Amino acid sequence: MSRGGAAGRGCATPRRLRGVLALLTAGLVLGTAASSAAAVIARIHLSSRVGPPTTIFTVTGQGFGPSEVVDLSFDAQPRGTATTDPSGAFTASLKVPSSALPGGHTITATGESSGLSAQAPFLVRTDWPMFHYSPEHTGLNPYENVLSPANVSGLEVGWTLSSSTHFDTSPSVSEGRVFISAGNNLFALKEGTGAVLWSKTIPYFIGFSSSAVWKDRLYVGGYDGLVRAIQAGTGREVWNYGTGGPVADLTVANGILYAGSDFGGTFALDATTGHLLWNTTGPVFAAPALANGVLYVSGRWDDGQLNALDARTGAVLWTGGSGIDFSSPAVADGKVYVGSDDHNVYAFDAAGCGQATCSPVWTYQAGSAVASSPATAYGMVYVGSDDGFQYALDAATGALRWRVYTGGPAGEAGPAVANGVVFYGGGDGVVRALAALSGQVLWTYSMGEPSWDSPALADGWLYVGSLAGQEFYAFHLPG
């Protein structure tokens with residue numbers, strides 16, 4: 001009896017063994033199921049996480065249900081669908097809405113069958129990376145969607161920067177930073193507050209050279225003849241190149257930096273290394289404009305003409321006009337627009353005329369010199385003159401559409417355009433916002449001193465400096 005009892009306590013019966021095995025099996029199944037559930041984590045990756053409205057990017061997803069429809073949205077708004085493969089992966093294109101305001105947004109992907117969901121952030125920015133916005137120098141920010149004719153009257157000073165000398169260059173704006181120079185000081189400022197992120201003293205006067213930004217580099221010229229490449233985030237100089245004369249506003253595109261130099265000519269430099277690709281002779285005082293492989297250069301004392309150069313080699317393709325010195329060309333819709341000291345605004349066929357010397361398609365004669373750099377948008381050309389008027393001309397014919405008297409010479413100040421509004425830093429010390437189609441004055445602000453360079457527009461902010469007032473202004477809407 002005792003032996004049988006001992007055996008019963010020490011050995012499992014078949015029935016009890018089956019129970020234990022069942023519990024172990026159930027535990028393994030539950031553990032495996034829990035492990036599988038934990039492994040199913042839906043996620044998405046964006047090919048680009050920063051860009052302006054209308055940016056097209058790729059969304060790649062994994063971990064969704066097999067062969068299911070996935071709904072894609074920008075913030076809470078549906079923007080399309082995608083279908084996963086048997087492994088639960090998908091790839092789809094998505095477009096940022098044109099109405100998306102600057103700032104952070106959320107991309108969401110949700111499986112219709114599985115209910116699995118994943119999100120990723122996207123930052124909307126409407127940068128102004130160089131003089132007159134783009135290599136074509138149209139002066140138009142096509143992505144600006146905050147300021148408009150309906151609300152621009154509410155602009156107010158957001159912040160200012162004071163300096164011991166004047167601001168006579170156009171600012172550039174990139175990745176939430178505003179770059180501006182005064183005398184021989186270069187500043188990087190925080191976009192929303194004006195806080196100085198870094199500042200740098202250039203050994204010689206920067207002068208009239210507006211900066212340009214490409215990738216993580218800031219480029220600026222100086223009266224010492226040097227073009228400098230500077231790390232945009234830190235202010236550290238990466239390389240410099242000597243041109244032999246004061247450097248004009250800069251243009252950068254496709255990894256090439258184009259610079260005009262007084263006494264030095266036109267230079268094409270590798271934007272990464274500073275290596276010289278080619279250069280031409282003849283002094284240049286205005287930013288070259290680039291479009292469709294052609295570089296348009298004005299401001300040469302030796303001929304006073306607009307020069308069309310092969311952007312790859314610097315070879316002269318054609319020339320035209322006269323008295324063209326300080327006005328930077330603007331290229332749009334197959335035409336090149338530029339002002340002249342002979343009081344004319346010229347329009348040339350961007351492709352040339354098949355000859356070495358080309359006649360303009362049309363001219364418009366203002367009441368005085370036109371050193372202002374034209375902007376073009378909405379089928380019109382906007383430009384100022386030293387006669388005190390700001391003009392809007394028909395881009396196709398040169399016919400006057402409207403003009404507004406500003407009370408002072410425009411000098412070299414060019415307009416900036418965005419979302420139906422034209423902004424001028426006036427020669428009379430007043431910065432104005434005008435309706436682009438009618439010329440109606442929508443807003444003014446007196447800086448007390450003239451502004452002789454072009455404003456910049458980015459992320460709902462207007463930036464403009466005063467020439468003798470030693471003040472740099474950032475305007476925005478309240479709230």
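What follows is calculated from the coordinates using simple rules that are stated; it is not laboratory data. These numbers come from a predicted model, not from an experiment. Note: ideal-geometry Cβ built from the backbone for every residue, glycine included; neighbour counts use all protein chains shown.
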Study note, to complete from the structure: Honestly the range 152-476 on the Cα gyration tensor test (a ≥ b ≥ c root eigenvalues; a/c under 1.5 rounded, otherwise a/b vs b/c for prolate or oblate) is just oblate
Review point. Once the mean 1/r over all distinct Cα pairs of the range 214-284 is inverted, what Kirkwood radius in angstroms do you read off?
Key: 11.7 Å
**Study point:** Packing-based exposure ordering (other Cβ within 10 Å, fewest first) of TRP159, TRP214
**Key:** TRP159, TRP214
**Study point:** Unit charges at the beta carbon, dipole of the range 103-224: most positive-side option, THR138, ILE107, SER174
**Key:** SER174
Practice item. May I ask you to order 455-466, 360-371, 377-388 by the average number of other C-beta atoms within 10 Å around their residues, highest value first? Key: 455-466, 377-388, 360-371
Check your understanding: For labels at ASN151 and LEU400 in the simple 7 Å Cα→Cβ model, what's the distance in nm?
Key -> 3.5 nm
Exercise for review: State, to one decimal in nm, how far the label point of THR363 lies from the label point of ALA195, with both points 7 Å from Cα in the Cβ direction.
Suggested key: 5.4 nm
Check your understanding: Charges only on Cβ, +1 for Lys and Arg, -1 for Asp and Glu: so what's the dipole of the chain about the Cα centre, in debye to the nearest 20?
Key -> 3200 debye
Check your understanding: When the helices in the chain are scored as -39500 (n - 2.57) per DSSP H run of 4 or longer and the sum is shared across all residues, what 222 nm value do you end up with, to the nearest 500 deg cm²/dmol?
Key -> -2500 deg cm²/dmol
Study note, to complete from the structure: The residues TYR241, TYR337, sorted from fewest to most surrounding Cβ atoms within 10 Å, come out as TYR241, TYR337
Point to revise | Of every Cα-Cα pair in the range 44-124, the percent that sits beyond 21 Å | key: 22 percent
**Study point:** Taking GLU68, GLU156 and counting other C-beta atoms within 10 Å, the order from fewest to most
**Key:** GLU156, GLU68
Study note, to complete from the structure: Given 244-254, 184-194, the highest-first ranking by average Cβ count within 10 Å works out to 244-254, 184-194
**Study point:** 0 to 90° range, to nearest 10: angle between helix 14-39 axis and the chain longest Cα axis
**Key:** 0 degrees
Exercise for review: Would you pull out the residues with amide H under 5 Å of GLY158's amide H, same chain only if 5 or more places away, H placed 1.01 Å from N?
Suggested key: ALA474, PHE475, HIS476
Study note, to complete from the structure: If the chain between ASP270 and ASP216 were fully extended at 0.36 nm per residue, the gain over the current Cα-Cα distance would be 18.0 nm
